[in-house]
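The values are calculated or read from the model by the stated rules, or taken from the named source; none is laboratory data. This is a predicted model, so every value here is computed, not measured. Cβ coordinates were reconstructed from backbone atoms using ideal geometry, including for glycine residues, and neighbour counts include every protein chain displayed. Calculation scope for accessible area: heavy atoms of the full protein, side chains included, ligands and nucleic acids excluded. Shrake-Rupley method; radii C 1.70, N 1.55, O 1.52, S 1.80 Å.
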Amino acid sequence: MAQAADSARTVIMTVDDDPGVSRAVARDLRRRYGASYRIVRAESGTSALEALRELKLRGDLVAVILADYRMPQMNGIEFLEQALDVYPGARRVLLTAYADTNAAIDAINVVDLDHYLLKPWDPPEEKLYPVLDDLLQAWRSSDYRPVPSTKVVGHRWSSRSSDVREFLARNQVPYRWYSSDEPEGRRLLAAAGEDGVRLPVVITPDGSPMVEPEAVDLAARVGLATTPTADFYDLVVIGGGPAGLGAAVYGASEGLRTVLVERSATGGQAGQSSRIENYLGFPDGVSGAQLTDRARRQATKFGAEILTAREVTALEVNGAARVVRFSDGSAVAAHSVILATGVSYRQLAAPGCAELTGCGVYYGSALTEAPSCQDQDVYIVGGANSAGQAAMYLSRGAKSVTLLVRGESLAASMSHYLIQQIEESPNIQVRVRTVVESAHGDGRLERLTLRDVDSGQTEQVDAQWVFVFIGAAPLTDWLDGTVLRDERGFILAGPDLTPDGRPPQGWELDRPPYHLETNVPGVFVAGDARSESAKRVASAVGEGAMAVMLVHRYLEQS
């Protein structure tokens, strides 16, 4: 009997233009293999190729293809030759009459035919099943590994392809990457009906191709929630970093109808960290992705909604309601709002960096790009913990890692434990008082010009990989005119709003703002976006929990 195949129900395909013969072949195949394999029947080479392409897009496996030799428009050999381009690992069988045996023998060299069967094959127990059993056993023993359900085909040095890969990775959506220059990538593009001019092409679990997809469309198609289930909540949390996730966990667990809105991927900058070793309760360290996944599952367990790829563009006060508007014009309202928008890495202003972003110049993408850096020389710009964690992670496979630090040393901005690890790593070099003057390359990064801050002297180095972890730019411009911010854009709250003891302008309540409350009653801030915050994961999580406590106090008095 046939052995159990993969749970995806691997396919055996039969192609014959004679409906009677086609049904007979399918009947015999189902009788023997139907419990473990899916039998797909086609009555022309053209329709069979269309079916194969659909199976390819869905990620289904095809173990054996049986094709009749004498078919109009496209004979069996011509069909199998084209099928070879779609499923090169499938075993190929030609069904032929005795008079056509010479053609079948010739086909062994043309399409690498595995076997030919003479019609009629009765009884199948003697003439069909033993052949198929051997072919299926050989196929199972070969390297036929199925790919994950989501596939990305793109150009290696394409910023848009890099963005899609980073989005899927950070949202923990399993995917497999195919270069458009490689045979399997070209096969997938052909199956999707694309010529590779517009990339990337994302093939979703249902087999549908998406060309150059926007984040919100991609999120919806790979199973991420993008639309709120209600119009009004007790609490809207804006931002899915540690502060936002902490607020969502505590808000939902304490009975507040809570929705968290994230513009890109939960985790924030911390979610991109390869290893956080100084977070309470994880003595062996934990990756940002692991911590984010646990927090996300914890929040949803308590009933919080998490929306991904939704950009917030405005915050409005409408009586007791706080209205959050999205970039598509839709909105959601709540009694209270917690701003946990976090910060983003500042962009390198050096000439050439903008043009080469995603093509050798990356911002916080060390985890996604690390496999491609094997045995390469890597440069990292920055001197804080995120840069140090990236350096340690990349040093495992890279030939060398060079940290470019503007300051005098790492001590001013990096934790002591990381500095010690870097000093003990033989393939990590730290160059202080050094900045990137410019980046060079044709379609991808090829060289960097470095400048010594003190002497002004420059030098050029060969470089194909540079990862940037500099500064912290708050994502708060959309709050202009509503929420007060400091000169750098960080949100003012609590005592920082009342340095002279007087309430902020426009404040109408007879109490001062709570500790994390902004100048808009019922709107709170937590984490890195707050002015003078600690910029650490533990403090961000703590502020998220504290903000929920203050939300309760606000709601009780409203």
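If we count every other residue with Cβ under 15 angstrom of residue 453's Cβ, Lys/Arg +1 and Asp/Glu -1, where does the sum land?
Charge balance in the 15 Å sphere: -1.
Just one of (i) 164; (ii) 199; (iii) 191 is volume of the Cα convex hull per residue in Å³ calculated from these coordinates, so which is it?
Checked against the structure: label (iii).
Starting with the highest mean, order 197-204, 381-388 by the number of other Cβ atoms within 10 Å, averaged over the residues of each peptide. If you can, show how the numbers build up before the last one.
Working: 197-204: 20.1, 381-388: 24.8.
Most protected by this proxy first, the peptides run 381-388, 197-204.
In nm, give the distance between the simple-model label positions of residue 417 and residue 376, each being 7 Å from the Cα along the Cα-to-Cβ direction.
The two pseudo-label positions are separated by 3.0 nm.
Only Cα pairs under 8 Å and at least 6 apart count here; give the relative contact order of the chain as a rounded whole percent. Write out the running numbers ahead of the final one.
On the way: 1157 pairs, mean separation 59.6, N = 558.
Rounded, it is 11 percent for the chain.
For the chain, what % of the accessible area comes from carbon and sulfur atoms, probe 1.4 Å? Show your work: numbers first, answer last.
Working: 11690 of 24780 Å².
Answer for the chain is 47 percent, counting heavy atoms of protein chains only.
How large is the charge dipole for the chain, taken about the Cα centre, if only the Cβ atoms of Lys, Arg (+1) and Asp, Glu (-1) carry charge, to the nearest 20 debye?
Values: 55 positive and 72 negative charges, 206 e Å.
The calculation lands at about 980 debye.
Compute the acute angle (0 to 90°) between the alpha-carbon long axis of helix 242-253 and the principal axis of greatest extent of the alpha-carbon atoms of the chain; round to the nearest 10°.
For helix 242-253, the angle is close to 90 degrees.
Taking only protein heavy atoms and a 1.4 Å probe, what accessible area per residue, in Å², does the stretch 119-199 have with all protein chains in place?
On the way: 3980 Å² over 81 residues.
Normalised by residue count, the accessible surface of the stretch 119-199 is 49 Å².
Send over a whole-number figure in Å² for the accessible area per residue of the stretch 277-406, probe 1.4 Å. Show your work: numbers first, answer last.
On the way: 5370 Å² over 130 residues.
Averaged over the residues of the stretch 277-406, the accessible area is 41 Å².
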